[in-house]
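Chemist: Provided herewith is a single structure, encoded as structure tokens, for subsequent inquiry.
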Amino acid sequence: MLGKIWNWIDDRSGFSDVVMPMLEHVVPRDARWWYVFGSATLCAFIVQVLTGIALAMVYVPGGDAAYESLVYITHDATLGYLVRGMHYYGATAMVVLAVVHMTQVFLHASYKYPREMNWMSGVVVLFVVLGMAFTGQLLRWDANGVWSVMVAAEMAARVPFIGAYISQFLLGGETVGGSTLSRFFAIHVFILPGLIFAGVGLHLWLILRHGISEMPKADQPVVPETYKEDYEARLEKTGVPFWPIAAWRDVVFSTLMVAVIMGCAIFAGPPTLGPAPDPANIHTNPMPDWYFWWYFAVLSMLPPELETYIILGMPVLGAIGLFIVPLLSNRGNRAPSKRPWALATVIVGATAFVVLTIYGYRKPWSPDFDVKPLPPEVVRSKDPGIQHGAVLVREKGCLYCHDVDGFGGHRGPELSVIGDRLDRGELVIRINNGGYNMPSFASSLTAEELRLIVDFLLTRTDHPDTDAGEDKSD
Amino acid sequence: MSDSPEAKCPSSDEDRRGFLTKLCLGLSALIGAVITLPGVGFVLAPVFARPKQVWRKLGKLDQYEIGKTVSVEFKDAVDQPWAGVTTLSGAWLRRVSENEFIAFSINCRHLGCPVNWVADASLFMCPCHGGVYYEDGEVAAGPPPEPLARYQVRVTDGFVEIETAAVPLTTNDRV
Ligand code: FES
């Protein structure tokens, strides 16, 4: 009976006639574990589509209710916690896997003839995926999400001539408001996914058309004139059907990946919602999701004159640069051992990413508003003047940026032994005039306050003797 | 004309095909335009609309202490009921003298993050990339290229009023 039903379906749909041959297309037999990242990216996308649809059935894309609906999804809705978590880690997985997949393809130069367009369509999809990650973060619509919209609008406003129009398009007006979230929602659930579907469709079609590339061999450079014939001939001899001889690795790896997503969703849960986006409650520290931290670090380190160029230029040049890779060279060696520059690019890129990410996470780029008063062990003085100076160092904001024996922010230079480096006159000048990244305090400190602060700072020396400051204070 | 003129009259068939191709493409383009243009206009409208800015009441004059900077919130010019709290804007308001107020935008001029007023240090500080402003809004340190934007403030009938304004985009030449 079941067999009959299947036969009917198979006959009318053409599964065995049309789909099976595609699944069974012959692939090089050496396509081993290296090749599992692309299919895993696709699998992560499927996770996103399914969990995303589920979330959209409860999520309310309106400025007034979005936050509440997310609180509901996270805390009350059946399995809401899990679904939101899966959507979040699925997004991370998708970004990571897409980048890993691309790195592998780049290292093996699989983008060379005749697969130039495979690479190009992949680059487009990659940027759309990053757009998904970014718009998704805004849909959280907590204070962090709302302020991220502002940052996005400000960045867009830097585009010459039409910047203001772009950012008003994003905001849906002149301020963040009712229209803003609806726009991001529509972009996140209709426009970008549509582009991904189209891009992935093209990408898959191209894979079928040109076949999966072989593992690069040092003695097998790509010669476009003869490549297709050679490839066919080799496949004929050594190829295996994709389904199931090669596909099982993809399935195993995807299973693992889904298990990891699920595990993270169960044990770590979705990202915590920040405070509601109340514009009067501005004690928020907008921070992007981790895969953008490196960019955050770059933005904070740039000299202002370069900033606009980098904010706009880096993504554009990055996109163009990646896009045209196969046009720069589509023949010749594929083996990494013969392409040292490619290897170097990957190593330098990966190192920069890791270093900047750690930097962006660790280094507080901003004043630390939560510093505690200096405890007595750090002040190390019974002199009331010195103690008062220590209090002022916090009150006047010095500690927001400067560290004293482990207390305070790290935006500015550490002051733990500043007494060894600068004398009274120099300290007074620095505090009064400010400097490269330090405000001038001339107008906000009285002479007395300045004296007390300097007295305290002069006790910060390498040879802490408990009452070092006492004689210096007068 | 008969339905199968191939044998007799190949060139007129070619004409016919050419005509039908053009007809299909032309009509498809027309359909495309008709179904997308209204939507495009609808979506782009806010980009070109200039909402009229309005004065919003903040509070009684005597609520504010001379010399103090406090955070205030008020509704934007366009106040859509479904915007919830996001219809609100915030500002830092300082009573300078008996009748004089200054209001600073909370948006950092670097990339728009919300600046905090640190009263003891008399500085506005931005949590994002370390932008710092003096009490008059001038840049003290960090990446912001311009001083904090200001709102218009006035006192009428014992109430402090603030005029709504667009978000101060660093490069917005139209505001
Ligand atoms: S947004 Fe304020 S310093 Fe960058």
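Chemist: Taking the alpha-carbon distance from B:LYS57 and a cut-off under 16 Å, which aspartates and glutamates remain once sequence neighbours fewer than 8 residues away in the same chain are dropped?
Modeler: Correct list for B:LYS57: B:GLU73, B:ASP76, B:ASP79, B:GLU100, B:ASP157, B:GLU161, B:GLU163.
Chemist: What are the membrane-span-like helices in chain A by this rule: whole DSSP H runs, Cα extent along the axis at least 24 Å, mean Kyte-Doolittle hydropathy at least 0.0? Display every interim value, and only then the final one.
Modeler: On the way: long enough: A:36-56 (30 Å, 1.99); A:80-107 (40 Å, 1.06); A:116-139 (35 Å, 1.47); A:192-210 (27 Å, 1.37); A:247-267 (30 Å, 1.72); A:304-323 (29 Å, 1.30); A:340-362 (32 Å, 1.34).
Result, helices passing both filters: A:36-56, A:80-107, A:116-139, A:192-210, A:247-267, A:304-323, A:340-362.
Chemist: Separate question: For a Förster distance of 22 Å, can you work out the FRET efficiency between the beta-carbons of B:GLU100 and B:ASP120, rounded to the nearest 0.05?
Modeler: Working: r = 23 Å, r/R0 = 1.05.
With R0 = 22 Å, the Cβ-Cβ based efficiency is 0.40.
Chemist: Of A:ASN281, A:VAL378, A:ILE9, which is farthest on the positive side of the dipole of the protein assembly as shown, counting Cα position, with +1 on Lys and Arg Cβ, -1 on Asp and Glu Cβ, and the Cα centre as origin?
Modeler: Going by the Cα projections, it comes out as A:ILE9.
Chemist: Just need the relative contact order of chain A here, percent rounded to a whole number, with Cα pairs under 8 Å and 6+ apart. Write out the running numbers ahead of the final one.
Modeler: Values: 574 pairs, mean separation 89.6, N = 474.
The normalised contact order for chain A reaches 19 percent.
Chemist: Please calculate the 1.4 Å probe accessible area of A:TRP33, with all protein chains present, and give it to the nearest 10 Å².
Modeler: 110
Chemist: On the accessible surface of region A:331-474, probed at 1.4 Å, how many percent belong to carbon and sulfur atoms?
Modeler: Working: 4560 of 7670 Å².
Of the solvent-accessible surface of region A:331-474, carbon and sulfur hold 59 percent.
Chemist: How much length would be gained if the chain were fully extended between A:PHE15 and A:GLU229, taking 0.36 nm per residue of separation minus their Cα-Cα distance, in nm to one decimal?
Modeler: Working: separation 214, 0.36 × 214 = 77.04 nm, distance 2.91 nm.
Extra length available between A:PHE15 and A:GLU229 comes to 74.1 nm.
Chemist: Order the following by accessible area, largest value first: A:VAL379, B:VAL78. Probe radius 1.4 Å; ligands, DNA and RNA are ignored.
Modeler: Details: A:VAL379 15, B:VAL78 75 Å².
Most to least solvent-accessible, the answer reads B:VAL78, A:VAL379.
Chemist: Sort the following peptides by mean Cβ neighbour count (other Cβ atoms within 10 Å, averaged over residues), highest first: B:35-46, B:144-155.
Modeler: Put in order of decreasing packing, that is B:144-155, B:35-46.
Chemist: Let me ask something else about it. What's the average, rounded to a whole number, of partner chain beta-carbon atoms within 10 Å of each residue's beta-carbon in A:240-247?
Modeler: Working: counts 0, 0, 0, 0, 0, 0, 0, 0.
That average works out to 0.
Chemist: About the Cα centre, and with charges only on the beta carbon of Lys, Arg (+1) and Asp, Glu (-1), how big is the dipole of chain A? Nearest 20 debye, please.
Modeler: Values: 34 positive and 44 negative charges, 365 e Å.
So the magnitude is around 1760 debye.
Chemist: Run the quick spin-label model on A:ASP423 and B:GLU146: label points 7 Å from Cα toward the beta carbon, then report their separation in nm to one decimal.
Modeler: It is 4.5 nm.
Chemist: Would you list, by chain and number, the aspartates and glutamates whose Cα falls below 18 Å from the Cα of B:LYS22, excluding same-chain residues fewer than 8 positions away?
Modeler: List returned: B:ASP13, B:GLU14.
Chemist: Mind ordering A:202-208, A:83-89, A:310-316 by average Cβ neighbours within 10 Å, highest first?
Modeler: Listed from highest to lowest mean packing, they are A:83-89, A:202-208, A:310-316.
Chemist: Quantify how strongly other chains surround peptide A:63-71 by giving the mean number of their Cβ atoms within 10 Å of each of its Cβ atoms.
Modeler: Details: counts 8, 8, 2, 2, 3, 1, 0, 0, 0.
Mean number of neighbouring Cβ atoms from other chains: 3.
Chemist: Separation between the A:PHE161 and A:HIS75 pseudo-spin-labels, each 7 Å from Cα along Cα→Cβ, expressed in nm?
Modeler: Distance between label points: 5.0 nm.
Chemist: Given the options B:GLY131, B:GLY112, B:GLY67, state which has the largest fluctuation in a GNM of chain B using a 10 Å cut-off (strictly under) for Cα springs.
Modeler: In this elastic network of chain B, the residue with the biggest mean-square fluctuation among B:GLY131, B:GLY112, B:GLY67 is B:GLY67.
Chemist: Enumerate the aspartates and glutamates that A:LYS382 could reach by cross-link, defined here as Cα to Cα under 17 Å, with residues fewer than 8 away along the same chain left out.
Modeler: List returned: A:ASP455, A:ASP465, A:ASP467, A:GLU470, A:ASP471, A:ASP474.
Chemist: At the nearest 100 Å², what buried accessible area, both sides summed, do you get for B and A when the probe is 1.4 Å?
Modeler: Values: alone 11690 and 25730 Å², together 32600 Å².
That pair hides around 4800 Å² of surface in total.
Chemist: What is the packing order of peptides B:19-29, A:327-337, taking the mean over residues of other C-beta atoms within 10 Å and listing the highest first? Working shown, then result.
Modeler: Numbers: B:19-29: 10.0, A:327-337: 14.8.
Descending packing order for the listed peptides: A:327-337, B:19-29.
Chemist: With the Cα gyration tensor of region A:53-115 in hand, give its eigenvalues times 5 under a square root as the equivalent ellipsoid semi-axes, listed largest first in whole angstrom.
Modeler: Details: eigenvalues 287, 30, 15 Å².
After diagonalising the Cα gyration tensor, the semi-axes are 38, 12, 9 Å.
Chemist: Let a ≥ b ≥ c be the square roots of the eigenvalues of the Cα gyration tensor of region B:53-165; is it rounded (a/c under 1.5), or, if not, prolate (a/b larger than b/c) or oblate?
Modeler: On the way: a/c = 2.17, a/b = 1.23, b/c = 1.77.
Cα axes put region B:53-165 in the oblate bin.
Chemist: Quick check: pseudo-label points 7 Å beyond the Cα along Cα→Cβ at A:ALA198 and A:SER440, how many nm apart are they?
Modeler: 5.6
Chemist: Here's a follow-up. Within 10 Å of each Cβ in peptide A:393-402, how many partner chain Cβ atoms are there on average? Round it to a whole number, please. Walk me through the numbers before you get to the answer.
Modeler: Values: counts 0, 2, 4, 5, 8, 1, 0, 7, 5, 0.
Counting Cβ atoms of other protein chains within 10 Å of each residue's Cβ and averaging gives 3.
Chemist: Follow-up. As I understand it, the value is the acute angle between the Cα axis of helix B:10-48 and the longest principal axis of the Cα atoms of chain B; what does it come to in degrees, rounded to 10?
Modeler: 10
Chemist: In the neighborhood of A:THR284, defined by Cβ-to-Cβ distances under 15 Å, what is the net charge if each Lys or Arg adds +1 and each Asp or Glu adds -1? Intermediate values should be presented prior to the final figure.
Modeler: Details: positive: A:ARG140; negative: A:ASP142, A:ASP278, A:ASP368, A:ASP370, B:GLU73.
Its environment carries a net charge of -4.
Chemist: Now for a different question. By the gyration tensor of its Cα atoms, with a ≥ b ≥ c the square roots of the eigenvalues, what is the shape of region A:2-160: rounded for a/c under 1.5, prolate for a/b over b/c, or oblate?
Modeler: On the way: a/c = 2.60, a/b = 1.38, b/c = 1.88.
It comes out oblate by the Cα gyration axes.
Chemist: Related question: Using only Cα atoms, what is the ratio of the radius of gyration of chain A to 2.2 N^0.38 Å? If you can, show how the numbers build up before the last one.
Modeler: Details: Rg = 29.1 Å, N = 474, 2.2 N^0.38 = 22.9 Å.
Taking N as the residue count of chain A, the ratio is 1.27.
Chemist: Pop the C-beta distance of A:PHE267 and A:LYS4 into the FRET formula with R0 = 45 Å and round what comes out to the nearest 0.05.
Modeler: Values: r = 46 Å, r/R0 = 1.03.
Taking R0 as 45 Å, the efficiency between A:PHE267 and A:LYS4 is 0.45.
Chemist: When ligands, DNA and RNA are left out and all protein chains stay put, how many square angstrom of accessible area per residue does chain A have with a 1.4 Å probe?
Modeler: Working: 23330 Å² over 474 residues.
Heavy-atom accessible area per residue stands at 49 Å².
Chemist: Further, regarding this structure: Find which of B:ILE106, A:VAL428, A:LEU312 sits farthest along the positive direction of the dipole of the protein assembly as shown, computed with +1 on the beta-carbon of Lys and Arg, -1 on that of Asp and Glu, about the Cα centre.
Modeler: A:LEU312
Chemist: Between B:ILE31 and A:VAL49, how high is the FRET efficiency from 1/(1 + (r/R0)^6) when r is the Cβ-Cβ distance and R₀ = 30 Å? Nearest 0.05.
Modeler: Numbers: r = 29 Å, r/R0 = 0.96.
Result of the calculation: an efficiency of 0.55.
Chemist: Here's a follow-up. When the accessible area of region B:1-146 is computed with all protein chains present and a 1.4 Å probe, what percentage of it is carbon and sulfur? Write out the running numbers ahead of the final one.
Modeler: Working: 4770 of 7890 Å².
Carbon plus sulfur share of accessible area: 60 percent.
The values are calculated or read from the model by the stated rules, or taken from the named source; none is laboratory data. Keep in mind it's a predicted model, so treat the numbers as computed, not measured. Methodologically, a virtual Cβ is constructed for each residue, glycine included, from the backbone with ideal geometry; neighbour enumeration extends over all protein chains shown. Heads up: the accessible areas ignore ligands, DNA and RNA and are worked out on the full protein's heavy atoms, side chains in. Shrake-Rupley method; radii C 1.70, N 1.55, O 1.52, S 1.80 Å.
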